[in-house]
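The values are calculated or read from the model by the stated rules, or taken from the named source; none is laboratory data. On a predicted model such as this, the values are computed, not experimentally measured, just so you know. Counting neighbours? That spans all protein chains shown, and the Cβs are built from the backbone with ideal geometry, glycine included.
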Amino acid sequence: MKKILFTLFLTFALSLSVNAATWNAADRVPVVGKQILSKNNLPADTVFKISESAQNSEFIDDNLVIYVPETDLETAGNDNEVAAIVSHEIGLIINASASKKEVLGTLASALTGASNSDTGLWLQEFSMNKLSEKEEMTADITGVDLMIAAGYNPLARIVTLTKEQATTMELLTGKIPNAKRAMYVYDYLVYNYPSKVKAGYNCQEYRNFLAYAQPTIDERNSNKKKLEKFQKEQAKLKQERAKQIATFKATGGLTGWDASYTILKNLYESSETK
């Protein structure tokens, strides 16, 4: 009997070892991405590509190509966490943040090429910078809506955010990485999807986040005015996200910023060939 139990245990251990060795976040992106698209009724011809650096997603031959940063995938340890990263990138597209930067970048090239104007230089610098924190946070909560519809644990977005390397200021102040963004996601889920928060997420990074966030949560819950303000803000956010996703579906994934980018790009390329 002992020999049988030992054999079963050894087989189980070996299977875990094989799975750990073969699982790769980058390899899971197309599979997880397809699941998110399918369950949310988003354009099925969307293509996912891994990029070595931050790169704006774009339309190529009428197909939407979404670039997933390789460095972000380093924080993913399972499919839920891959879904968190992929959904965030889709969220940037749905919210038109990525398209807006493309418009500004193309406009900047046209202006600087024509007159080297201060406006053109400013736009060029702005378009090359990272997206604003507000745009990133909005994409985070759009992403968790997509994750939930696709059957993934939305708390994984908090985990991937807090797995990122802490900044010098975060280290000095004792904050967890991306504390503000992680709290923004948590608050959205607490109000709109309480059952998902109750179900929890079994990992140390999530437990660390809860320990950090608990004083803020306790203070808000004990203050009637703060709690009422919180509830009103979260209800509004949920409506905004639903409207944004519905608009994206209705247009087949093409936003006003995308149309502007196409026009500007054609005008700029036409002027370059003359």
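What residue, of 145, 118, is acidic (Asp, Glu), modelled with pLDDT of 70 or more and at negative phi? Spell out the reasoning first.
Values: 118 fails: modelled with pLDDT of 70 or more.
Only one candidate passes the filter, namely 145.
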message = So the check is Cβ under 6 Å with 6+ separation or different chains; which pairs have a first residue in the range 235-262 that's outside any helix (DSSP H, G or I) and a second one that's modelled with pLDDT under 65?
response = 255/99
note = So, first residue β-branched (Val, Ile, Thr) in the range 204-216, second residue modelled with pLDDT of 95 or more, Cβ within less than 9 Å, six or more apart or across chains; the pairs are 216/183
remark   = Filter the range 38-88 for residues that are of a type in the set (A, V, I, L, M) and touching a Pro at 6+ places or on another chain (Cβ under 7 Å); the one that is modelled with the lowest pLDDT is 54
key: Single residue of the range 200-245 satisfying the filter (surrounded by 11 or more Cβ atoms within 10 Å (Cβ to Cβ) and among the aliphatic types (A, V, I, L, M)) that is nearest to residue 163 (Cα to Cα)   = 210
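Where in the range 168-230 are there helices (runs of 4 or more DSSP H), lying wholly inside it, with at least 1 residues that are among the aliphatic types (A, V, I, L, M) and under 25 Å from residue 143 (Cα atoms)? Give the derivation first.
On the way: elements: 168-173, 179-192, 194-199, 204-221.
Answer list for the range 168-230: 179-192, 194-199, 204-221.
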